[in-house]
Amino acid sequence: MRSLTSDKFLKGRTVLSLFIITSCVYTFMLVVTIPHVIAFSGGMPLLDMMPMGYSHDDVVRLLEALGADGRDAYLTKQIPVDMIYPGLFAITYSLIFLYFMKKAGSSTRWNFVTYLPLIAGACDYIENFFFISMVNSYPTISERTVSLASSFSVVKSGTTTVYFICLIILLVYLGVRFSRKIKPKRV
């Protein structure tokens, strides 16, 4: 993380630009690619939208409901965009936390939080490779593959949740500190 902590990367403009790009890619997935694939499934959620994991039966039901066209859409529409997003998420949200830590003058003991988006991003990539494998091997889907994919989905969701809780705590701390600096003038 030392190279990411240089002032070159922690400028507000850089962090904001990355946040906007990452948010645009995420919004594109939420508004375009995910609904496109879900339309084939009759409304069943995609696997990476199941933060508590999924079973072999869940995977079989989803891939069956998607049909050949839906499985193709998953591989050619959703997965390519979801191969861009995890890297953007990892870098952007690590920098966001570092940026606000710098503003707060926080000690390095909170640096572990900056690794959480990196872990989530790595898990998202691994999860995607398992999805590709499961779609390509349909109708023969290994229970072990499903179990591993589900585990990475749960780790991704867990690290993301812990990260955002820590970010909220940091932002509240900064907000309280800022509000204490602004004292109303007495007339």
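Every number here is computed from the coordinates shown, using simple stated rules; none is lab data. Everything numeric here is computed off the predicted structure, so don't read it as measured data. Cβ: placed from backbone, ideal geometry, glycine included. Neighbour counts: every protein chain shown.
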Exercise. Please report the relative contact order for the chain, taking Cα pairs under 8 Å with a sequence separation of at least 6, and give it as a percent rounded to a whole number.
Key: 25
Self-check item: Packing-based exposure ordering (other Cβ within 10 Å, fewest first) of ILE96, ILE165
Solution: ILE165, ILE96
Quiz item: When THR145, THR161, THR27 are ordered from fewest to most other Cβ atoms inside 10 Å of their Cβ, what list results?
Solution: THR27, THR161, THR145
Quiz prompt | Correct option for log10 I(q)/I(0) by the Debye sum over Cα atoms at q = 0.08, 0.09, 0.17, 0.20 Å⁻¹ [calculated from the coordinates] among (i) -0.25, -0.32, -1.11, -1.42; (ii) -0.22, -0.28, -1.07, -1.51; (iii) -0.33, -0.41, -1.06, -1.30 | solution = (iii)
Exercise. For the chain, set up a Gaussian network in which alpha carbons nearer than 10 Å are linked by springs, and say which option among PHE112, PHE89, PHE131 fluctuates the most.
Key: PHE112
Quiz item: About its Cα centre, what dipole magnitude does the chain give when the only charges are +1 on Lys and Arg Cβ and -1 on Asp and Glu Cβ, stated in debye to the nearest 20?
Solution: 1960
Quiz item: What is the order of CYS123, CYS24, CYS166, fewest Cβ neighbours within 10 Å to most?
Solution: CYS24, CYS166, CYS123
